[in-house]
Every structure is written in C-alpha cells, then in structure tokens.
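The values are calculated or read from the model by the stated rules, or taken from the named source; none is laboratory data. Note that the structure is a prediction, hence the values are computed from the model and not measured. A quick note on method: Cβ atoms are made from the backbone with ideal geometry, for glycine too, and the neighbour counts reach across all protein chains shown. For the accessible areas, the whole protein counts, side chains as well, though only heavy atoms, and no ligand, DNA or RNA atoms are used. Shrake-Rupley method; radii C 1.70, N 1.55, O 1.52, S 1.80 Å.
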Amino acid sequence: MTYDRDNRSLFVPPSTQDHVQGVLNAAVVFVMYGDYECFQSANVYRLIKVAGQQLQVSFGENNLGFIFRHFPQVQIHPHAQRAAEAAAASAAQGQFWQMHEMLFIHQQELGNGYLVEYANRLGLDISQFLQDLSKRVYVNQINADIEGGLRSGVEVAPALFMNGIRYLDRWTVEQIIAAIVAAND
C-alpha cells in the first residue's frame with residue numbers, strides 16, 4: 001500500500017468511535033495522533049489542554065473538541081504499544097481520559113507492572129483489565145488508528161489536525177489559541 005506523504009488532510013473523519021473530549025460538532029476539532037512514550041506527544045496534549053481551558057471562558061465549553069488517536073512508535077518506544085492497549089482497556093471501563101492523563105504524567109514508567117498499578121489507582125476491574133491486555137483485545141483498534149494516521153500522511157507522533165487539516169504552525173499555547181480564535185471567526 002502506498003501513502004501520500006504530502007497529504008495534509010485527515011483521512012478518517014472524527015466520529016463517535018474516537019476518544020473525544022468536548023463535542024464532535026464544535027467550531028474547532030483537533031485530532032492528535034500520539035504516542036504515550038513520546039515526550040513531544042505529552043507536550044502537545046498539554047498545550048491543547050491549556051489552550052482549551054483558557055478559551056473556555058471566551059467561547060464556552062462546546063466550541064472545542066479534542067480527539068486522541070493512537071500512533072505508537074514501537075521502533076523507538078518499546079512500551080508505547082502496551083500503553084496504548086492499557087488506555088483502550090481503560091476506555092472499555094469508562095476511564096480512557098483518566099488513564100490517558102496517567103500515562104502521559106508517568107511516561108517514563110510504562111512497564112506492565114506500572115500499567116496495572118495505574119489501573120488499580122483508577123479503580124478499574126483489574127481482572128478484566130489484565131484479561132483485555134493478555135488477549136490483546138484492542139490491537140485491531142490501535143492498528144486502525146495507525147492506518148488512518150498513515151493514510152493522512154502521519155509518519156511520526158505527534159501529529160495534529162485542526163478541522164481536518166494538518167496543523168503545521170508553531171506548537172505554542174499562543175499559536176494554538178490564535179488558530180482556534182481564527183477558526184471561530
């Protein structure tokens with residue numbers, strides 16, 4: 001299969017199948033392809049989060065949507081795939097965003113024992129969590145995210161799309177806020 005590396009459009013549109021913060025029909029919807037073991041992915045997530053919090057006062061909470069899609073770079077991050085599976089297993093128990101935060105906060109500690117510890121801290125059903133991980137229940141879902149990213153021209157994480165178009169400006173809170181304000185006008 002070939003991919004258009006210059007593609008600047010999101011191949012897989014946002015849907016209810018995604019992990020969504022905010023609303024899908026917001027004036028601005030960010031889609032981020034990220035890797036839990038990637039320092040830059042954690043930084044971009046924090047930038048979007050801070051920008052959203054700052055703009056919530058001006059635009060209201062329904063004017064920004066954020067979607068996270070998995071793009072583990074296993075060739076350089078040996079724990080990224082397993083962390084993505086842990087996040088997906090947590091989503092099945094209604095705790096995706098809580099695990100998502102935990103993984104980014106502790107991205108230097110993503111071994112199996114730590115993942116179980118985080119699940120326990122979140123009050124997940126540990127038996128179900130371990131069963132989902134051992135059976136690799138969510139590998140196809142993660143692979144679908146990766147495939148969608150590749151078809152959108154993503155080669156490395158993080159990759160960010162705003163309203164379906166690849167965001168290529170500087171990654172600062174000020175630049176992201178400016179882009180959100182411009183899209184809301």
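Inside the stretch 120-175, can you point out the residues that are touching a Lys or Arg at 6+ places or on another chain (Cβ under 8 Å), of a type in the set (D, E) and in a helix (DSSP H, G or I)?
First, the residues of the stretch 120-175 that are touching a Lys or Arg at 6+ places or on another chain (Cβ under 8 Å): 133, 145, 148-149, 152-153, 155, 159-160, 165-166, 168.
So of that shortlist, the ones also of a type in the set (D, E) come out as 145, 155.
Residue satisfying the conditions is D145 alone.
When V116 is evaluated against the numbered criteria (1) touching a residue at least 40 places away in the same chain (Cβ under 8 Å); (2) surrounded by 14 or more Cβ atoms within 10 Å (Cβ to Cβ); (3) not acidic (D, E), which criterion, by number, is the only one it fails?
Among (1) touching a residue at least 40 places away in the same chain (Cβ under 8 Å); (2) surrounded by 14 or more Cβ atoms within 10 Å (Cβ to Cβ); (3) not acidic (D, E), V116 violates only (1).
State all residues of the stretch 148-180 that are open to solvent by 60 Å² or more (accessible area, probe 1.4 Å) and under 30 Å from G113 (Cβ atoms); if no residue qualifies, say none. Show your work before the answer.
Our first condition is that a residue be open to solvent by 60 Å² or more (accessible area, probe 1.4 Å); within the stretch 148-180, this holds for 151, 155-156, 163, 165, 168-171, 174-175.
Listed by number, the list holds a single entry, V156.
Taking the stretch 16-47 as the region of interest, how many residues are open to solvent by less than 40 Å² (accessible area, probe 1.4 Å) and at pLDDT 90 or above?
17
Answer with yes or no whether V139 is in contact (Cβ under 8 Å) with a residue 40 or more places away in the chain, farther than 17 Å from Q40 by Cβ, within 17 Å of the chain's Cα centre (by Cα) and loosely packed, with under 15 Cβ neighbours inside 10 Å. Don't jump to the end; show me each part of the working.
Values: in contact (Cβ under 8 Å) with a residue 40 or more places away in the chain: yes; farther than 17 Å from Q40 by Cβ: yes; within 17 Å of the chain's Cα centre (by Cα): yes; loosely packed, with under 15 Cβ neighbours inside 10 Å: yes.
Against the criterion (in contact (Cβ under 8 Å) with a residue 40 or more places away in the chain, farther than 17 Å from Q40 by Cβ, within 17 Å of the chain's Cα centre (by Cα) and loosely packed, with under 15 Cβ neighbours inside 10 Å), V139 qualifies.
Identify, from the list Q75, Q108, Q53, the residue that is assigned to a helix (DSSP H, G or I), open to solvent by 50 Å² or more (accessible area, probe 1.4 Å), farther than 17 Å from H19 by Cα and polar (S, T, N, Q).
Q53 is the lone residue from the list that is assigned to a helix (DSSP H, G or I), open to solvent by 50 Å² or more (accessible area, probe 1.4 Å), farther than 17 Å from H19 by Cα and polar (S, T, N, Q).
Checking A183 against (1) open to solvent by 60 Å² or more (accessible area, probe 1.4 Å); (2) in contact (Cβ under 8 Å) with a residue 40 or more places away in the chain; (3) of a type in the set (G, A, S), only one condition comes out false. Which one?
Looking at each condition in turn, A183 falls short on (1).
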